[in-house]
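Chemist: Submitted below is the structure of interest, expressed as structure tokens.
The values are calculated or read from the model by the stated rules, or taken from the named source; none is laboratory data. Note that the coordinates shown come from a computational prediction; the quantities given were computed from them, not determined experimentally. Cβ placement follows ideal geometry from the backbone for every residue including glycine, while neighbour counts extend to all protein chains displayed. All accessible areas refer to the heavy atoms of the entire protein, side chains included, with ligands and DNA or RNA removed. Shrake-Rupley method; radii C 1.70, N 1.55, O 1.52, S 1.80 Å.
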Amino acid sequence: MRVASTRGAASAPISEAIAQGLATDGGLYMPPQLAPSARAWGTNLRERALALLMPYFADDPLADHLPAIIDEAFNFDAPLRWLDERTALLELFHGPTAAFKDFGARFLAATLSRLTTGSTATVLVATSGDTGAAVASAFHGRPDFRVVILYPEGRVSPRQAHQLGAFGGNVHAFRVAGTFDDCQRMVKTALADRELVARHHLTSANSISLGRLLPQMAYYAHAAMECAHAGHAPPSVIVPTGNLGNAFACLLARERGLPIGKVMLATNANRALVALAATGRYEPAATVATLANAMDVGAPSNAERLLARFPQVRHAIDADWVDDEAIRHAIRRTWDRHHVAICPHTACGVEVLERLRARGDRGTWIVAATAHPAKFDTVVEPIIGTTVAVPEPLAELLARPAHATPLPPEPAALARALA
Ligand SMILES: *Cc1c(COP(=O)(O)O)cnc(C)c1O
């Protein structure tokens, strides 16, 4: 299928759009709107991923590869964990770097490695924590790629930092003496420099890529169908949101006919999307640092996709926001009530649901649990008063030595580092 840009001046076959990342007119590629279907969508996560994604790739050179790509990307599960009869966490953190971004990053890597041109590509990523590790893990050891990660020194959790530096091989981590916005500016400057792009075959892997967005539909389809099979009412979904990639995928799954009720965004103190959902007006703001650092996004790039697809934003989504104090409360309450540890991002979603319940909502709700709490041990453990067991893949990474090269927050320094 051809996909068109949000700005209307570019279109490309889907595999080219994935390879390009940003559309050539500066917009974001939009998945075509397909007729909704009430089919069963298969019986497990992989079958559902294939059923959902195949139509987009039907006439594409990648179509024959899609089953193998999905096997590589979806090699871990996304189970529902019921807290009571009407409330479940959708655990998206059972992948190699313990956050939901593993699904999208692995799909993108599996896709790009089947589209390579023979020369080594450099995947450039600015990260506020989780993206860098997911992308590094997904491309680690793939011979046609090297990965260059920029993260703001001292502004990611200690375990996130260790993780980023622990891959080695074709993955190079740089700790930038600056903010996430500095890192992002350096990456954008590099990607806009034609000469540099050509010399190093630069490409990006940020969340505007369709190759990360599309596969995220699969676990919402999976959760909705698991609910249906268990005799539950169609669930509404709360998505802890930063750049809006994950929640947008949930909207797409609903658009395809999956039985999903409301889609509600839970943000931290970065509230541009809450205002957008309430007023229909999008006003990006400066980023505020919070305990849910992977959601510290003042200007969510997928807002452009949301407005292009759902101009009546208020009819498509609801949204609420949560401050750091309420994040701490939600972590504590969930531990006291259910003996379940949750990460600060998931806590935003849980807190938003708590407010709905307090107003009398008795519907079936799923909260996306976007990262494993052990990744944020320095926040979570003091609140719940005990240690959180570290999942095996994360423990393996943390046991390796880590190395990151210091880098001043200047585009010229990145250009030198690339050489
Ligand atoms: C990236 C991230 C988010 C935000 O996801 P978006 O797709 O950017 O909205 C939420 N939680 C965690 C743990 C993340 O890593």
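Chemist: How many of the residues making up segment 91-131 are within 12 Å of the ligand (Cβ to nearest atom), in a loop (DSSP other than H, G, I, E, B) and without any contact (Cβ under 8 Å) to a residue 60 or more places away in the chain?
Modeler: 1
Chemist: I would also like to ask the following. On the given criteria, is Gln160 outside any loop (DSSP other than H, G, I, E, B) and in contact with an Asp or Glu (Cβ under 8 Å, 6 or more places away or on another chain)?
Modeler: So Gln160 fits the description; yes.
Chemist: Give the number of residues within segment 270-286 that are farther than 16 Å from Val239 by Cβ and either free of Cβ contacts under 8 Å to residues at least 40 places away in the same chain or crowded, with 19+ Cβ neighbours inside 10 Å (or both).
Modeler: Applying the first criterion (farther than 16 Å from Val239 by Cβ) to segment 270-286 yields 275, 278-286.
Then drop every residue that is not either free of Cβ contacts under 8 Å to residues at least 40 places away in the same chain or crowded, with 19+ Cβ neighbours inside 10 Å (or both), which leaves 275, 279-286.
Number satisfying all stated conditions: 9.
Chemist: Let me ask something else. Looking at Ala166, Ala221 in this structure, which one is open to solvent by less than 10 Å² (accessible area, probe 1.4 Å) and within 24 Å of His140 (Cβ to Cβ)?
Modeler: Just a single option satisfies the conditions, and that option is Ala166.
Chemist: Now a separate question. Is it true that Val187 is among the β-branched types (Val, Ile, Thr), surrounded by 18 or more Cβ atoms within 10 Å (Cβ to Cβ) and outside any loop (DSSP other than H, G, I, E, B)?
Modeler: yes
Chemist: More than 14 Å from the ligand (Cβ to nearest atom), among the small types (Gly, Ala, Ser) and either within 16 Å of the chain's Cα centre (by Cα) or within 20 Å of Leu213 (Cβ to Cβ) (or both): which single residue out of Ala73, Ala134, Ala88 fits that description?
Modeler: None of the other options fit; the residue is Ala73.
Chemist: Do you know which residues across segment 1-56 are closer than 18 Å to Cys227 by Cβ and among the polar types (S, T, N, Q)?
Modeler: Those that are closer than 18 Å to Cys227 by Cβ and among the polar types (S, T, N, Q): Ser37, Thr43, Asn44.
Chemist: I need the full set of residues from segment 192-212 which are among the hydrophobic types (A, V, I, L, M, F, W, C), under 17 Å from Thr131 (Cα atoms) and at pLDDT below 90, in order please.
Modeler: The first filter runs over segment 192-212 and keeps only residues among the hydrophobic types (A, V, I, L, M, F, W, C), leaving 192, 196-198, 202, 205, 208, 210.
Imposing the further condition that a residue be under 17 Å from Thr131 (Cα atoms) reduces the set to 205, 208, 210.
Once the filter is applied, which keeps residues that are among the hydrophobic types (A, V, I, L, M, F, W, C), under 17 Å from Thr131 (Cα atoms) and at pLDDT below 90, segment 192-212 yields Ala205, Ile208.
Chemist: May I ask you to list the residues in segment 243-273 that are modelled with pLDDT of 95 or more, within 16 Å of the ligand (Cβ to nearest atom) and not in a helix (DSSP H, G or I)?
Modeler: Within segment 243-273, Leu244, Val263, Met264, Leu265, Ala266, Thr267, Asn268, Ala269, Asn270, Arg271 qualify.
Chemist: When the residues of segment 49-61 are filtered to those that are over 19 Å from the mean Cα position of the chain (by Cα) and over 11 Å from Met1 (Cβ atoms), which remaining residue is least open to solvent (accessible area, probe 1.4 Å)? Reasoning before the result, please.
Modeler: Initial filter on segment 49-61 (over 19 Å from the mean Cα position of the chain (by Cα)): 50-51, 54-61.
When the remaining residues are screened for being over 11 Å from Met1 (Cβ atoms), the result is 50-51, 61.
Numbers: Leu50: 57, Ala51: 16, Pro61: 104 Å².
Result: Ala51.
Chemist: Scanning for something of a type in the set (Gly, Ala, Ser), touching a strand residue (DSSP E or B) at 6+ places or on another chain (Cβ under 8 Å) and within 15 Å of the ligand (Cβ to nearest atom), does segment 181-198 turn up at least one residue?
Modeler: no
Chemist: Just to be sure before I move on: is Val390 open to solvent by less than 10 Å² (accessible area, probe 1.4 Å) and among the aliphatic types (A, V, I, L, M) in the structure I sent?
Modeler: Values: open to solvent by less than 10 Å² (accessible area, probe 1.4 Å): no; among the aliphatic types (A, V, I, L, M): yes.
Spelling it out, it is not the case that Val390 is open to solvent by less than 10 Å² (accessible area, probe 1.4 Å) and among the aliphatic types (A, V, I, L, M).
Chemist: If you don't mind, there's one more thing I want to ask. Thr287 is checked against (1) more than 21 Å from Ala78 (Cβ to Cβ); (2) outside any loop (DSSP other than H, G, I, E, B) and fails just one. What number does that condition carry?
Modeler: (2)
Chemist: His65 is checked against (1) more than 17 Å from the chain's Cα centre (by Cα); (2) not in a helix (DSSP H, G or I) and fails just one. What number does that condition carry?
Modeler: It is condition (2) that His65 fails.
Chemist: With respect to the numbered conditions (1) open to solvent by 10 Å² or more (accessible area, probe 1.4 Å); (2) out of contact with any Asp or Glu (no Cβ under 9 Å at 6 or more places or on another chain), which one is the sole condition not fulfilled by Leu89?
Modeler: (1)
Chemist: For segment 204-216, does any single residue satisfy the condition of being assigned to a strand (DSSP E or B), under 23 Å from Phe74 (Cα atoms) and either without any contact (Cβ under 8 Å) to a residue 24 or more places away in the chain or away from the ligand (no atom under 14 Å from the Cβ) (or both)? Walk me through how you get there before you give the answer.
Modeler: Step one: filter segment 204-216 for residues assigned to a strand (DSSP E or B), giving 204.
Add one more test, that the residue is under 23 Å from Phe74 (Cα atoms), and what stays is 204.
Filter once more, so that each one left must be either without any contact (Cβ under 8 Å) to a residue 24 or more places away in the chain or away from the ligand (no atom under 14 Å from the Cβ) (or both): 204.
Yes, the conditions are met somewhere in segment 204-216.
Chemist: While we're looking at this one, here's another question. So, of the residues in segment 365-386 that are in contact (Cβ under 8 Å) with a residue 24 or more places away in the chain and open to solvent by 20 Å² or more (accessible area, probe 1.4 Å), which turns out to be farthest from the ligand (Cβ to nearest atom)?
Modeler: Looking at the filtered set, the residue picked out is Ile383.
Chemist: Any residue in segment 393-406 that is more than 22 Å from Leu291 (Cα to Cα), in contact with a strand residue (DSSP E or B) (Cβ under 6 Å, 6 or more places away or on another chain) and of a type outside the set (Val, Ile, Thr)?
Modeler: First, pick out the residues of segment 393-406 that are more than 22 Å from Leu291 (Cα to Cα): 393, 395-397, 399-406.
Within this subset, residues satisfying the condition of being in contact with a strand residue (DSSP E or B) (Cβ under 6 Å, 6 or more places away or on another chain) are 404-406.
From what's left, of a type outside the set (Val, Ile, Thr): 404, 406.
So far as segment 393-406 goes, yes, one or more of its residues are more than 22 Å from Leu291 (Cα to Cα), in contact with a strand residue (DSSP E or B) (Cβ under 6 Å, 6 or more places away or on another chain) and of a type outside the set (Val, Ile, Thr).
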